[in-house]
Amino acid sequence: MNKKIICIECPQGCDLMLDIQDGKLVSVIGNKCAKGEAYAAAEIQNPMRILTSTVLAENMSFKMVPVKTSKPIPKAKIKEAMKAIKKIRLNRIVLIGDVIAENLLGLEVNLIATRDC
Amino acid sequence: MVERELVIVGGGPAGMAAAITADENGVKDILLLERDQYLGGILNQCIHPGFGLDYFNEVLTGPEYADRFIKKIKNIPEIEISLKTFAVKLTQDKIITYIKPGTMESIKAKAVIMATGCRERTREMVHVAGTRPSGVYSAGLAQKLINIEGLLPGKKIVIVGSGDIGLIMARRFVLEGAKVEAVIEVEKQPSGLVRNVVQCLEDFDIPLFCGHRVSGIFGQDRVEKVCVVQVDDMLNDLPETCFEINCDTVLFSVGLIQENELIEMAGVKINKKTNTTDVPGMFVCGNAFKIYDLADTVTEDSSIAGIQAAEYLERLI
């Protein structure tokens, strides 16, 4: 089976043509770099995305602290991850890269601050 | 009047890159004016990833990308940063007048770099008929409300235009629990980057109507609905295709315009090819020079403006 997808690893957005046999990726054409192959494989097996959002701060100079997952998480887990992120309240000064929540949803991914706040 | 070597107006990615490279190229007296209370400009509200791939060869969010330059600038003693400082006038003699809390001052610069960025086009600029209810926002304003102020502007959203900010906000609204009913693009193709169409719309099953336009916004106090109509190749409405979408909020993501009022008021002309102007020693960079897709390119091009200013100042001696 052939499937056409667009690589989102960088702003170039290569058009990838995937050859899929029995749910497995056999070959990719159209990618301009190695990232395209890895992206295509993940899209077939388990699409992954970095999730970014904000966490509510209490009694700090910033009201919202921007955060991201330290690594991509499964696309299917994004909604659940957002629920967990919305429950967090911060009442301490954070620096860029600080861990805000460890092992988010048991995905072995940390939630980290993306700004000094 | 106080005289400075180089004054840079704007502390976003363009102004910061220009300041750093000017310093690296020998300018030892730099004043950087920023109207907000922190450096970084629009990057601070762009909390999504996708920055830095070209320049740092890694994926960063907007605040992280800004932080690299903010930390660098703060370690350069030759660069004086003046926050909450709003430039209100520029003359061809390179006199800059600015207000900051409690005072208005004028200084004379030997060289000036204008890095004042851009702003969003509005509903009025794309002529959408209907009433004037509350609930109509530019995409970037909604971005600031959610990401900086922690306020959700609405729950049922229609987005007019498929610029990158609009696409990114479509995803952001969904993540925050709102429903994005549709993105409406008058052209045949979305105007934002394909990666944003994929990861912001397709990932969340948000309908994209290309070749359509919002012909009216209606509501008494608050937005209640929009009318959408298909357009032909000449962008004329096909009235029989008209349909309605109920919503409480409309975002406009219909392009950006350079914020060059100070330069225009001074009667200065920008040289569209080189970051220079018809006034020797006055330069323009970043989105004030031209509208960019990527912050990385802004950094690279604005670095050239920093070098040009340094070379100009060297020739003066």
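The values are calculated or read from the model by the stated rules, or taken from the named source; none is laboratory data. Bear in mind that the values here come from a model prediction, so they are computed numbers and not experimental data. Positions of Cβ are generated from backbone atoms using ideal geometry, with glycine treated the same way; all protein chains shown enter the neighbour counts.
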### Query
Out of the stretch A:83-117, which residues are surrounded by fewer than 15 Cβ atoms within 10 Å (Cβ to Cβ) and among the acidic types (Asp, Glu)?
A:Glu102, A:Glu108
### Query
What are the pairs, 6+ residues apart or on separate chains, where a residue within the stretch B:183-200 that is more than 10 Å from chain A (Cβ to nearest Cβ) has its Cβ under 9 Å from a residue that is surrounded by fewer than 20 Cβ atoms within 10 Å (Cβ to Cβ) and in a helix (DSSP H, G or I)?
B:Val186/B:Val126
### Query
What about B:Ile165, is it away from chain A (no Cβ under 14 Å) and either modelled with pLDDT under 95 or within 22 Å of B:Thr122 (Cβ to Cβ) (or both)?
yes
### Summary
How many residues of the stretch B:295-307 are over 11 Å from the mean Cα position of the chain (by Cα), within 14 Å of chain A (Cβ to nearest Cβ) and aliphatic (A, V, I, L, M)? The answer is 1
### Query
Listed residues B:Leu151, B:Leu83, B:Leu145; which is modelled with pLDDT of 95 or more, within 14 Å of chain A (Cβ to nearest Cβ), under 21 Å from the mean Cα position of the chain (by Cα) and within 15 Å of B:Leu32 (Cα to Cα)?
B:Leu83
### Query
Looking at the stretch B:101-150, which of its residues are free of Cβ contacts under 8 Å to residues at least 40 places away in the same chain and small (Gly, Ala, Ser)?
B:Gly102, B:Gly150
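Of all strands (runs of 3 or more DSSP E) completely enclosed by the stretch B:152-270, which ones contain at least 3 residues that are closer than 25 Å to B:Ile291 by Cβ? Before you say what the answer is, go through the steps one by one.
Numbers: elements: B:156-160, B:179-185, B:208-210, B:212-218, B:225-230, B:243-246, B:249-252, B:256-258.
Counting at least 3 such residues, we get B:156-160, B:179-185, B:208-210, B:212-218, B:249-252, B:256-258.
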#### Entry: Within the stretch B:98-122, considering residues that are under 17 Å from the mean Cα position of the chain (by Cα) and over 18 Å from B:Gly12 (Cβ atoms), the one surrounded by the most Cβ atoms within 10 Å (Cβ to Cβ)
B:Arg121
### Query
Looking only at the stretch A:51-76, which residues are away from chain B (no Cβ under 11 Å) and buried (at least 19 other Cβ atoms within 10 Å of the Cβ)?
A:Ile73
### Task
Can you confirm whether the stretch B:235-247 contains a residue that is buried (at least 17 other Cβ atoms within 10 Å of the Cβ), modelled with pLDDT of 95 or more and either out of contact with any helix residue (DSSP H, G or I) (no Cβ under 7 Å at 6 or more places or on another chain) or more than 29 Å from B:Ala288 (Cα to Cα) (or both)?
yes
#### Entry: Neighbours by Cβ (under 7 Å, 6+ apart or cross-chain): first from the stretch B:31-55, away from chain A (no Cβ under 11 Å) and closer than 12 Å to B:Thr299 by Cβ; second assigned to a helix (DSSP H, G or I) and modelled with pLDDT under 95
none
### Query
Within the stretch A:72-117, can you find the residues that are assigned to a strand (DSSP E or B) and either in contact (Cβ under 8 Å) with a residue 60 or more places away in the chain or of a type in the set (D, E, K, R) (or both)?
A:Arg89
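One line per residue, one yes/no per condition, for (1) touching a Lys or Arg at 6+ places or on another chain (Cβ under 8 Å); (2) among the acidic types (Asp, Glu); (3) closer than 30 Å to B:Ala66 by Cβ:
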position: A:Met17; (1), (2), (3): yes, no, no
position: A:Asp22; (1), (2), (3): no, yes, no
position: A:Val26; (1), (2), (3): no, no, no
position: A:Glu37; (1), (2), (3): no, yes, no
position: A:Ala42; (1), (2), (3): no, no, yes
position: A:Gln45; (1), (2), (3): no, no, no
position: A:Glu58; (1), (2), (3): yes, yes, yes
position: A:Lys63; (1), (2), (3): no, no, yes
### Summary
The residue that is modelled with the lowest pLDDT, considering only those in the stretch B:300-317 that are among the hydrophobic types (A, V, I, L, M, F, W, C) and over 13 Å from B:Phe289 (Cβ atoms), is B:Ile317
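Filter the stretch A:94-111 down to the residues that are touching a Ser or Thr at 6+ places or on another chain (Cβ under 9 Å) and more than 9 Å from chain B (Cβ to nearest Cβ), then identify the one that is farthest from B:Glu64 (Cα to Cα). Spell out the reasoning first.
Step one: list which residues in the stretch A:94-111 are touching a Ser or Thr at 6+ places or on another chain (Cβ under 9 Å), which gives A:96-97, A:99, A:104, A:107, A:109-111.
Adding the requirement that they be more than 9 Å from chain B (Cβ to nearest Cβ) leaves A:99, A:104, A:107, A:109-111.
Values: A:Val99: 15, A:Leu104: 21, A:Leu107: 23, A:Val109: 18, A:Asn110: 16, A:Leu111: 14 Å.
This residue is A:Leu107.
Have a look at A:Val65, A:Val28, A:Val55 and point out the one that is over 30 Å from A:Leu95 (Cα atoms) and in contact with a strand residue (DSSP E or B) (Cβ under 6 Å, 6 or more places away or on another chain).
Numbers: A:Val65 fails: over 30 Å from A:Leu95 (Cα atoms); A:Val55 fails: over 30 Å from A:Leu95 (Cα atoms).
The match here is A:Val28.
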